[in-house]
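Engineer: Okay, handing you the structure first.
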């Protein structure tokens, strides 16, 4: 089932945003155009524009205004992907060569910078400083999240709060402001804007926890990469942390490998142990709790097609993961 | 002679901006704070804030408003330095280790992104969308310039227009908007804003041409790197281009090395040839012409201390190069 099928009523508008995304790249600088639209053409769920459009339904829906936040939000997401690829020396994304592999690190670095700047520049066509504040603040937070994630590599002394703050910055924030900025751009009432932010935040948290879970529970074929890739790369996520916190025989084995610096030697056992441990059920329950909160955030909204779409999308993007 | 000595009347305000620059970095994320203030502490001429303050003198001068563009402009400049260091694999800047060398590419990449975003975020505290448009547009142009510079490496088929467009994006634009935004932030009359932009643009062009010239005319000791470093790295600047355009015996020798792919073998001869060629005088004259235009841009402004400072700075930052 394709996400687009869920919200058929937005199809035309999402396609319009898609064309605007492509138009947003400067065709006159050909190398830049090619490198920046390369990723664009690889497609994607365009989930952020969809949230903008749904947020826009709570005020006076105007696609010409909404595109001025929908396009920037998708561009910001794309810019982070381009920069992730530079850093991680990745060679494939969405089945295509990355910008970095096809051109080089220099081009990819500045392409990411270009896309970030273009995103913020497009948003300035909306004569509303609040929009610019929210967008630029979100990028600041996302960068902090990226740096924290580097600091947290192989760090097993993380509490739940620490993990949650990291995934907020990494994922939930951009989804939250997509929902919020759609409502702001359409001049929806403040309480609708708040509801949309809370909905987006909670969906984003649920989504990232589910994604971290999937890295252990899915098959290599489903993932397109080895099971437990996060752990192999030192990115310690909730299922792994919970196994450690939970103690017991498995927790102690994990701890001793870590303390003796032998985790890499025992990586397959560690992954099997986490897969079979209680961190899986715990993470699933926590994702479910965020999903409940996302639904609760919509409680005061009138029961209409937009609300039903938001509820369906929340279920879809989180639950398909299990 | 220190640049600060020239405009003593700004000393206190420049020091205030300096403290605000340091405060603008988030101390709570310690790694980030250290990496981002590392470059800050290395100092610099703070020429962009100085231009902002001088631009601000043409309207109602308010340091609390001016800092909201002065700090972002210096941060944008710093972010480009951090990203240049990642890309160029540089290990030293201003006599200190680069962020990249002291931490690593990942940290430096996201530190640069963080500084960019922080810059734009600080500017949003000014409730003036025009400021945000100008700033984000400038970053877009600067990124294009960076990508063009990569494309233009070892490209000898550049005309003068091409070279000038590249240095505009690389250097002149940020100086131009520093002057312009200072005037805008202090709500100076439109014609003053225009004059300041033109002044800054022409000073910036003169400055970059002088800098490109210096790479051939200065000594290794003065430069802190080998003479002709630009050419050695494939960055082809005006003195080199002019030698080629100018033809004659030297131009033909240069062309034959290029066409035979033997420039690197003959790099010392090529540098000596350019140093002794007419490209030097041509570049010097062109820098002088831009300097004249910078002075002319100030012609309609009242003859006061601010104008005299602008004239002195223009002379200083360009002519000390020769």
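Engineer: Name all residues of the stretch A:198-240 having a backbone nitrogen under 19 Å from the label point set 7 Å from the Cα of residue A:160 along its Cα→Cβ direction, giving them as ranges.
Structural biologist: Taking a point 7 Å out along Cα→Cβ of residue A:160, the residues of the stretch A:198-240 whose backbone N falls under 19 Å are A:202-214, A:236-240.
Engineer: Can you tell me the 0 to 90 degree angle between the C-alpha axis of helix A:11-23 and the longest principal axis of chain A, rounded to 10?
Structural biologist: Once rounded, the angle reads 90 degrees.
Engineer: For chain A, what does the alpha-carbon gyration tensor say about shape, rounded, prolate or oblate, given a ≥ b ≥ c as the root eigenvalues, a/c under 1.5 as rounded, and a/b over b/c as prolate?
Structural biologist: Oblate is the answer for chain A, as a/c is 1.5 or above yet b/c matches or exceeds a/b.
Engineer: Under 16 Å from a point 7 Å along the Cα-to-Cβ line of residue B:151: which residues of the stretch B:223-239 have their amide N that close?
Structural biologist: B:236
Engineer: Given 0.36 nm per residue, what is the gain on full extension from residue A:62 to residue A:22 after removing their alpha carbon distance, in nm?
Structural biologist: Gain on stretching residue A:62 to residue A:22: 12.4 nm.
Engineer: Right, another one. Normalising by the residue count of chain B, find the relative contact order in percent from Cα pairs under 8 Å and 6+ residues apart.
Structural biologist: 18
Engineer: Let me ask something additional. With chain B treated as a Gaussian network of Cα nodes joined by springs under 10 Å, which of B:107, B:175, B:209 yields the largest mean-square fluctuation?
Structural biologist: Of the options given, B:107 has the highest mean-square fluctuation.
Engineer: Sort B:216, A:116 so the one with the fewest other Cβ atoms within 10 Å of its own Cβ comes first.
Structural biologist: With the fewest neighbours first, B:216, A:116 line up as B:216, A:116.
Engineer: In whole angstrom, note down how far apart the Cα centers of the stretch B:121-189 and the stretch A:173-206 are.
Structural biologist: 33
Engineer: Next question, about the same structure. R0 = 35 Å: FRET efficiency of residue B:285 with residue B:130, Cβ-based, nearest 0.05?
Structural biologist: Efficiency, from the Cβ-Cβ distance: 0.45.
Engineer: As a test of the formula, what do you get for chain A when each DSSP H run with n ≥ 4 contributes -39,500 (n - 2.57) and the sum is divided by the residue count, at 222 nm and rounded to the nearest 500 deg cm²/dmol?
Structural biologist: -22500 deg cm²/dmol
Engineer: Taking every pair of distinct Cα atoms and averaging 1/r, then inverting, what Kirkwood hydrodynamic radius in Å comes out for the protein assembly as shown?
Structural biologist: 26.7
Engineer: Using a Gaussian network model of chain B whose springs link C-alpha atoms within less than 10 Å, name the residue from B:118, B:293, B:249 with the highest mean-square fluctuation.
Structural biologist: Of the options given, B:249 has the highest mean-square fluctuation.
Engineer: Helix B:63-88 sits at what angle to the longest principal axis of chain B, using alpha carbons and giving 0 to 90 degrees rounded to 10?
Structural biologist: On a 0 to 90 degree scale, this one is about 30.
Engineer: Could I ask something else about it? State, to one decimal in nm and shortest first, how far the label point of residue A:155 sits from each corresponding label point in the other identical copies (label point: 7 angstrom along Cα-to-Cβ).
Structural biologist: Sorted ascending, the copy-to-copy spacings read 4.3 nm.
Engineer: Right, another one. Assume the label is 7 Å from Cα along Cα to beta carbon: what separations in nm does residue B:12 have to the matching positions in the other copies?
Structural biologist: 6.3
Engineer: Sticking with this structure for a sec: Anyone know which of A:148, A:15, A:259 comes out most mobile in the 10 Å Cα GNM of chain A?
Structural biologist: A:259
Engineer: Report the calculated FRET efficiency for residue B:45 and residue B:220 (r = Cβ-Cβ distance, R0 = 25 Å), to the nearest 0.05.
Structural biologist: Once the sixth-power term is evaluated, E becomes 0.65.
Engineer: Next up: Starting from a label point 7 Å past Cα on the Cβ side, list the distances from residue B:223 to the same position in the other copies, nm, shortest first.
Structural biologist: In nanometres, ordered from closest: 5.1.
Engineer: Mind checking the angle between helix B:105-123 and chain B's longest principal axis? C-alpha axes, 0 to 90 degrees, to the nearest 10.
Structural biologist: Tilt relative to chain B: about 50 degrees.
Engineer: Still on this structure: Which length gain, in nm to one decimal place, applies between residue B:253 and residue B:303 when the Cα-Cα distance is subtracted from 0.36 nm times their residue separation?
Structural biologist: My answer for the length gained is 12.9 nm.
Engineer: Using a 10 Å cut-off on Cβ to Cβ distances, tally the other chain neighbours for every residue of A:122-132 and report the average as a whole number.
Structural biologist: Mean partner shielding for this stretch: 4.
Every number in this text was worked out from the coordinates using simple rules, so none of it is lab data. Keep in mind the model is a prediction, meaning the values are calculated, not measured. Every residue, glycine among them, receives a Cβ derived from its backbone with ideal geometry; neighbour counts consider all protein chains shown.
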